[in-house]
Structures are given as C-alpha cells and as structure tokens.
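The values are calculated or read from the model by the stated rules, or taken from the named source; none is laboratory data. These numbers were taken from a predicted model, which means no experiment stands behind them. Because the Cβ atoms are built from the backbone with ideal geometry, glycine has one as well, and the counts that use them run over all protein chains shown. Note: accessible area is taken over every heavy atom of the protein model, side chains too, but ligands, DNA and RNA are not part of it. Shrake-Rupley method; radii C 1.70, N 1.55, O 1.52, S 1.80 Å.
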Amino acid sequence: MHLFILLILIASIYLYIVYLNRSNKPTDDRSVTELFSIEPGSVDVVNIDKVFITDPQAEYIYHAEIDTNAVNRDGIGELYKARYFAQVSVSFEDDFREVALHRLEYNQENEFYAEDESVLKSFYPLSPSALIEQAASSGPWLLYVDDDWFIELHINLDVNNVYFIYTEINGERCTSIKVWAEGDFLTIGDMHSKLNQLIRKYEDMPYQHFKGAVRV
C-alpha cells in the first residue's frame, strides 16, 4: 500500500515537472492583438499609457497593436516583452515638433541619400534579426521625404530591433506612425506593408487639437 502511494506521488511529481517545462518553453505564437483603433476623423483618442506600459510623453493614440504574448491580464501591451508592435499617435509637445522639424529639414537637405527602393525591397524576405546580421551599421536610413513628412527605417544593432517610422508635421501637431519588430516575428516586407496600410488610413487626418495627456 505504501509502495503504491509512493509510486502515485512520484508520477504526480513527474507530470508536474513536465507541465512546468512545457509552460516555460518559448512560444512560436505569432498572433497579433489590436489594443485600440479609431477612425481618422474620431476625437475619441486615448493616452498612450492606456494601451502600452510605458513612460507617457503626452502622446494621443489612434491605433495600437502588439504581439499577443505581450498583452497582460488587464489588456495592456507590455513593450518590454514585445516582439512586434505598431502604433499611430499624435503629439502637440513643442520639443517633439522641434525634433521632427529638424529631422524633416535635414532629410530634405540630404534627399539624395534616400535609400533606393530596390535596396529596400531586397530586405523584404529578411527577418529583423537577419537584417541586423547583414547590416554594416545602425541607421536611421531615409526612405522618402516630402514637404511636411518623411519615412525612415531604423536598424538598431546595439539593441537588436528594427522599425519603420512615418513622421508628419501639421501646424502644432506631429503625427507618428511606427512599426517595430525584433527577432523573426515577421519579415521586413510585412513590416513595410503594415506601415503603408496605416499611412493610407491615417495620413490625412482632420486637424484636431488634444490637451491633458500625461508626460513624465
């Protein structure tokens, strides 16, 4: 009888260890959760800390999504766990606008350095990690620039991530559309496609001025 109980106990411990090992293995889940999204003409924006765990810098969110494994029990995206996220935000902070205006002017003056589209397309099959392995240096790399907007590709060798960012200046408003990823969650082509999708939807938003967002 005692031997039977001992065997049951050993089996229970073994099954529990197997369960822990399986639960702690990295997941290959590549699903994405949309945390928040409104139409370009809506005024129902939310502060960034309502969708992401981050230090808010007075950004107002129109759209936010993240890989599902980085969503906590409260439905908030934890950026430090993220392998992918995308956001559309606006800011009315003077220093944000000044930095964006400086980048715009710099890019306009150096437009001839814009990356050839064929080079960008050669990156499409690569994952962020594969692109980082091939990149000779970090960037921002200018892709496109116009009168009041520009698009850059940032390859960050020191922290192993890649992101596209579209920046537009309209009066006091600075619009930012960002698609960020690391590892092999998706390809550079997928990231660029997502960026273009969000630009098409949000590039001509009616001018609305928002106040009251928290900044730390």
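Out of Ile151, Ile132, one residue alone is of a type outside the set (Phe, Trp, Tyr), closer than 24 Å to Gln57 by Cα and open to solvent by less than 70 Å² (accessible area, probe 1.4 Å). It is Ile151.
Contact map, segment 32-58: residues that are farther than 20 Å from Tyr207 by Cα paired with residues that are open to solvent by less than 50 Å² (accessible area, probe 1.4 Å) and among the charged types (D, E, K, R), Cβ distance under 7 Å, separation 6+ or inter-chain. Pairs shown: Val32/Glu65; Val32/Asp67; Thr33/Glu65; Glu34/Glu65; Leu35/Glu65; Ile53/Glu78. For the condition without any contact (Cβ under 8 Å) to a residue 60 or more places away in the chain and either aliphatic (A, V, I, L, M) or closer than 26 Å to Met205 by Cβ (or both), what is the one hit in Leu120, Leu131, Leu104? One residue alone meets the criteria, Leu131.
Of everything in segment 154-181 that is open to solvent by 60 Å² or more (accessible area, probe 1.4 Å) and in contact (Cβ under 8 Å) with a residue 24 or more places away in the chain, the residue that is farthest from the chain's Cα centre (by Cα) is Glu172.
Only one entry of Asp49, Asp44, Asp74 meets the criterion of being at pLDDT 95 or above, surrounded by 14 or more Cβ atoms within 10 Å (Cβ to Cβ) and either closer than 30 Å to Gln208 by Cα or in contact with an Asp or Glu (Cβ under 8 Å, 6 or more places away or on another chain) (or both), and that entry is Asp49. Looking across segment 135-144, just one residue is touching a Leu at 6+ places or on another chain (Cβ under 7 Å) and surrounded by 20 or more Cβ atoms within 10 Å (Cβ to Cβ), and that is Leu143. Flag: Leu198 matches the condition of being within 14 Å of the chain's Cα centre (by Cα) and not in a strand (DSSP E or B). A search for C-beta distances below 8 Å between a residue of segment 59-82 that is farther than 30 Å from Pro206 by Cα and any residue that is modelled with pLDDT under 95 and hydrophobic (A, V, I, L, M, F, W, C), counting only pairs 6+ apart in sequence or on different chains, returns nothing.
Only residues that are of a type in the set (Val, Ile, Thr) and assigned to a loop (DSSP other than H, G, I, E, B) were counted in segment 146-179, giving 1. Please verify whether segment 126-137 includes one or more residues that are at pLDDT 95 or above and closer than 30 Å to Val43 by Cα. No.
Considering each residue of segment 87-103 in turn, none proves to be at pLDDT 95 or above, farther than 22 Å from Val145 by Cα and assigned to a strand (DSSP E or B).
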